[in-house]
Structures are given as structure tokens and as C-alpha cells.
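As C-alpha cells, the structure follows; a few thoughts come after it.
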Amino acid sequence: MSEPQRARLSPQDRRAQLIAVGVNFLTDHALDELTMDELARRAGVSRPLVFHYFETRQGMHRAVVTTARDSLLVASVPRQDLAPRERIRDTLLRIAVFVQEHRGTFYSLVRGTASGDPAVRKIVDESRELNAERLSDSFIELGLADTPLLRIALRSWVAFAEETLISLAIERETSADDVVRFLEASLHGMVNSVRDQRL
């Protein structure tokens with residue numbers, strides 16, 4: 001009796017499978033270590049098939065980073081049923097937990113793209129911009145004026161928060177609650193410092 005044929009994946013499913021393998025690779029490795037050959041080996045497919053879906057190594061990196069970034073953004077969507085301060089705390093807590101559960105991925109997103117191509121850096125920068133906008137919405141709801149200085153400060157704070165998450169949540173394995181307390185204090189302190197500034 002012949003063995004049943006393995007079900008063929010649709011092009012969309014095959015591409016999604018390859019991207020998932022790439023995202024999983026980031027758990028223990030830097031983005032720059034992900035080559036077409038390595039992805040093909042881990043996925044159990046041929047190298048030409050990987051090239052068929054991504055064309056270039058840079059294209060593969062962009063697809064993997066976009067998926068990893070989106071998973072963080074989806075996991076940290078602000079809960080609109082919460083009051084602004086509670087919403088900020090809840091969002092920060094979910095980000096801290098995500099970072100601890102996906103530390104390699106987060107580390108690669110923040111640090112591993114520093115020497116990557118501009119398109120990859122742009123993907124990561126877009127997530128920083130969105131996180132700053134989410135914070136801005138909450139603070140405007142709390143009565144702060146929507147000023148250019150507030151937006152600059154929040155974008156800068158997001159970069160600070162990323163480094164803090166790496167240093168505390170990943171490298172020192174500080175509890176998520178303690179990390180969030182520190183992030184909250186720094187965030188509100190920064191916002192209070194620019195509240196009445198006019199530049």
C-alpha cells in the first residue's frame with residue numbers, strides 16, 4: 001500500500017510557514033545570522049524555494065521583522081475599556097511579559113537591526129512611532145496638550161523603554177511588575193517635565 005501524499009501548502013501558507021521559522025530563529029539568534037540557507041535547512045525545504053518567496057536575504061529579513069514587530073504590537077493593543085492611567089500600566093505590563101516570553105525576538109528587533117538595511121530599520125521605527133502615538137492618546141485624554149514637544153518626548157521615551165526592557169527584563173530577569181513600576185515612574189516624570197515647556 002502506498003503512503004498517503006503529504007498535503008501541499010498553498011503559496012500563502014508556505015510563505016507564512018517560512019516566516020514563522022524565521023521568527024522562531026530570532027529566539028536564540030541575531031537577525032544578521034539568518035541566511036537563506038539556514039532558513040531552508042530549518043524549514044526542510046530547498047534553497048531555491050526560499051528565494052522564490054523572498055527573492056533576497058533582505059526581503060526575507062523584512063518579512064520576518066515585520067511579523068515579529070506585528071506580534072508585539074498586537075499583544076500590546078491598549079484596552080480602551082480602561083481609564084488612561086490604568087490603560088498605560090496594563091499596556092506596559094503586557095509588553096514586559098511579551099519581552100520576557102520572547103526575549104530573543106525582542107532583543108533582535110531592538111539591537112539586531114542596528115546594522116541592518118534601512119528598510120528593516122524603518123519597520124522597527126514604525127512600531128516605535130505607533131507606541132508613542134498610543135501613549136500620546138492616553139495623555140491627551142488625561143488633559144495634556146498635544147504639542148510637538150510631547151510627541152518628541154514620548155518617541156524618545158519609547159527608545160529609553162526598549163533599552164530598559166533589555167537591561168532589566170532580559171539581562172537581569174527583573175520581574176515584570178518591578179520593570180513596569182520603573183517604566184511608569186520614568187514616563188510620568190518625563191511627561192510632567194515637559195507639561196509646561198514651550199519650545
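Within the range 37-54, can one find any residue that is touching a Gly at 6+ places or on another chain (Cβ under 7 Å) and either without any contact (Cβ under 8 Å) to a residue 24 or more places away in the chain or among the hydroxyl-bearing types (S, T, Y) (or both)?
Looking for residues that are touching a Gly at 6+ places or on another chain (Cβ under 7 Å) and either without any contact (Cβ under 8 Å) to a residue 24 or more places away in the chain or among the hydroxyl-bearing types (S, T, Y) (or both), one finds at least one in the range 37-54, hence yes.
Out of (1) more than 21 Å from A20 (Cβ to Cβ); (2) open to solvent by less than 60 Å² (accessible area, probe 1.4 Å); (3) part of a helix (DSSP H, G or I), what's the single condition that is false for E129?
For E129, the failing item is (2).
Looking only at the range 72-93, how many residues end up being open to solvent by less than 50 Å² (accessible area, probe 1.4 Å) and either under 11 Å from I170 (Cα atoms) or polar (S, T, N, Q) (or both)?
2
Please verify whether A96 is closer than 22 Å to A185 by Cα and either open to solvent by less than 20 Å² (accessible area, probe 1.4 Å) or in a loop (DSSP other than H, G, I, E, B) (or both), treating the condition exactly as stated.
In short, yes.
Given the structure, is Q17 part of a helix (DSSP H, G or I), modelled with pLDDT under 90 and farther than 21 Å from A161 by Cβ?
no
Test of understanding: among V50, V45, V65, which residue is closer than 20 Å to S127 by Cα and not small (G, A, S)?
V65
Just to be sure I understand, how many residues within the range 166-199 are open to solvent by 40 Å² or more (accessible area, probe 1.4 Å) and hydrophobic (A, V, I, L, M, F, W, C)?
Number satisfying all stated conditions: 3.
Working only within the range 135-183, note down all residues that are among the hydroxyl-bearing types (S, T, Y) and outside any helix (DSSP H, G or I).
Of everything in the range 135-183, those that are among the hydroxyl-bearing types (S, T, Y) and outside any helix (DSSP H, G or I) turn out to be T147, T174, S175.
Is it true that some residue in the range 40-55 is surrounded by 15 or more Cβ atoms within 10 Å (Cβ to Cβ) and within 13 Å of the chain's Cα centre (by Cα)?
no
Show the residue pairs meeting these rules: Cβ distance below 9 Å; 6+ apart or different chains; first residue within the range 94-112 and farther than 12 Å from V23 by Cβ and at pLDDT 90 or above; second residue of a type in the set (A, V, I, L, M) and open to solvent by 50 Å² or more (accessible area, probe 1.4 Å).
So the pair list comes out as R94/V77.
The values are calculated or read from the model by the stated rules, or taken from the named source; none is laboratory data. None of the values given here were measured: they were computed from a predicted structure. Note that each Cβ is placed from the backbone with ideal geometry, even for glycine, and that neighbours are counted across all protein chains shown. Only protein heavy atoms, including side chains, enter the accessible area calculation; ligands, DNA and RNA are left aside. Shrake-Rupley method; radii C 1.70, N 1.55, O 1.52, S 1.80 Å.
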